[in-house]
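Please read the structure below before turning to the comments.
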Amino acid sequence: MDLEEAFQVVGEFGPYQQRAVAVLVLTQVYMACQSMLIVLVGSTPEYHLEPQDGDSSGLQRVVFTEDIDSIVTEWFLVKQQAYKVSLAGSLFFAGLLFGNVFFGPLSDKIGRRPVYLTVLFFEVIFGYVTAFAPSYEVFAVSRLLVGLMNGGIGLVCFVLTQEYVGKSYWAMTGTLTSISFAVGIALFGALGYFIRPWRTLAIVANSSGVLFFLLSVNLPESPRWLFSQGQTDRAEEVLRYIALRNGNPSKNLRLRRAAKDGNHGNRGAGVLQLWIHPVLRLRTMVLMYVCESSGNRYVNVAMYGLVELPAYPLCIYFINKHWAGRRKSMASFLGLAGCACLCTMFVPENTGTLLSVTSLALLGKLMVSAAFNIAYVYTSELYPTVIRNAGLGVCSMSCRRALHTSMPFTVFCLSGFSAGCLGLLLPETLNRPAVDTLEELSNDTHCRVLESKALLYEDDKLKSNH
């Protein structure tokens with residue numbers, strides 16, 4: 001039997017898979033806290049400068065007028081030193097970018113489980129380094145390393161939530177990870193409200209990672225990854241283990257051996273295949289483009305996460321409908337985001353009505369969040385198992401570039417419309433089996449016109465060379 005038939009036997013989303021997915025999904029709360037940490041621990045309170053007593057040299061001392069404990073107040077990161085707060089945040093996201101690019105292909109090569117456990121362990125370690133940093137320099141380096149690990153966890157964690165379950169549940173488990181991350185942002189805002197000392201906040205936010213690491217130690221390797229690597233016996237062992245924990249013992253479960261014979265087709269299935277393989281090249285270019293796309297500080301952090309929550313039920317509903325699916329839903333949400341951004345240019349500021357720049361901006365963010373969630377689910381389905389994390393990592397990397405908040409809404413409008421149109425060039429993945437190898441991808445007869453032309457072009461080049 002093939003993998004999807006095997007999941008029908010062991011259970012597509014049985015009690016054991018529900019518990020495993022719950023651990024992985026809740027780990028997103030920890031990741032969200034680390035991602036938003038600098039927003040609160042880097043808070044800059046009101047301050048003024050006073051001349052130092054008995055000093056005729058004109059030197060002034062900083063006097064903070066707000067009762068806030070942060071890295072700014074501890075290391076006096078104001079005036080010429082103020083850039084260091086933004087630098088620490090930038091270092092985190094730089095690490096996140098490199099983590100996406102490095103750990104994605106690595107997990108395709110050596111396995112999901114060892115990469116996931118290793119990066120989670122070191123993120124917890126570096127998180128404590130952040131909390132106990134004796135100087136700004138140590139703090140900044142620790143944020144870079146935490147970001148590096150965070151990027152790796154995000155990718156592998158997301159893929160594992162899908163590869164543990166049957167294909168029909170991928171949309172749900174993928175969406176749950178996004179929901180959990182958004183909830184984590186909101187919870188961190190609440191946590192920061194009650195815990196004001198920045199070191200205590202960093203310790204408490206990081207300590208949940210210890211719990212999730214202990215809960216993750218017994219998670220098995222992805223059976224889909226094992227099967228794609230030709231390790232069929234080990235894949236059968238994992239599936240039997242899942243079946244037993246689900247209460248569906250399946251001693252006679254036997255997977256077809258075609259994956260081992262065809263494993264030669266995956267030789268060299270590294271990140272370069274994203275650009276060498278004609279189908280993957282076009283998919284990667286489109287998906288990278290698609291993915292790129294003042295008040296109380298504690299309320300702002302919470303709202304940043306909560307505004308996304310309504311988007312996820314919409315995702316689950318639309319992407320599982322045959323008349324919408326992944327492709328049309330993603331394109332539509334991107335188009336609506338573009339419309340919302342376009343409308344902001346024609347609405348006067350500070351209008352006190354519901355139709356205001358703020359409400360349209362929040363609507364645009366909701367639509368973008370929905371499209372981004374679909375893009376993650378969709379991306380994991382478009383790439384074969386042997387290169388899934390590499391593809392997801394490269395596409396995720398393209399959305400990590402920080403954009404200044406003053407970027408005109410026109411840019412977002414055009415980006416939303418153009419990304420939506422390009423997304424329609426991709427094939428639909430709803431109710432289609434997951435592809436495990438590059439050979440299966442090349443034999444896929446459901447490619448869109450753009451991809452079919454690419455394959456014909458490659459064939460013509462080969463023939464002309466002969």
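The values are calculated or read from the model by the stated rules, or taken from the named source; none is laboratory data. Remember, it's a predicted structure, so these values are computed and weren't measured experimentally. Note: ideal-geometry Cβ built from the backbone for every residue, glycine included; neighbour counts use all protein chains shown. Quick note on the areas: whole protein, heavy atoms, side chains included, nothing else; ligands and nucleic acids left out. Shrake-Rupley method; radii C 1.70, N 1.55, O 1.52, S 1.80 Å.
Only protein atoms count toward the accessible area here, which uses a 1.4 Å probe; on the stretch 1-146, the carbon and sulfur part of that area reaches 63 percent. Computed over all pairs of different Cα atoms, the Kirkwood value for the hydrodynamic radius of the stretch 56-121 is 15.5 Å.
Taking all protein chains into account, the per residue accessible area for the stretch 102-183 stands at 29 Å² (1.4 Å probe).
Between N248 and L424, the FRET efficiency estimated from the beta carbon spacing at R0 = 51 angstrom works out to 0.80.
Accessible area per residue (1.4 Å probe, heavy atoms of protein chains only) ranks W225, W323 as W323, W225, with the largest value leading. For C339, the accessible surface of its heavy atoms amounts to roughly 60 Å² (probe 1.4 Å, protein chains only, rounded to the nearest 10). Measuring only protein heavy atoms, the 1.4 Å probe finds L144 accessible over about 60 Å².
In this rough spin-label picture, where each label sits 7 Å from Cα along the Cβ direction, the S359-Y317 distance is 2.0 nm.
Across the protein chains, with a 1.4 Å probe defining accessible surface, the residues C33, C343 rank C343, C33 from largest area downward. Note on the stretch 64-203: Rg/Rh from C-alpha atoms, Kirkwood Rh, equals 1.04.
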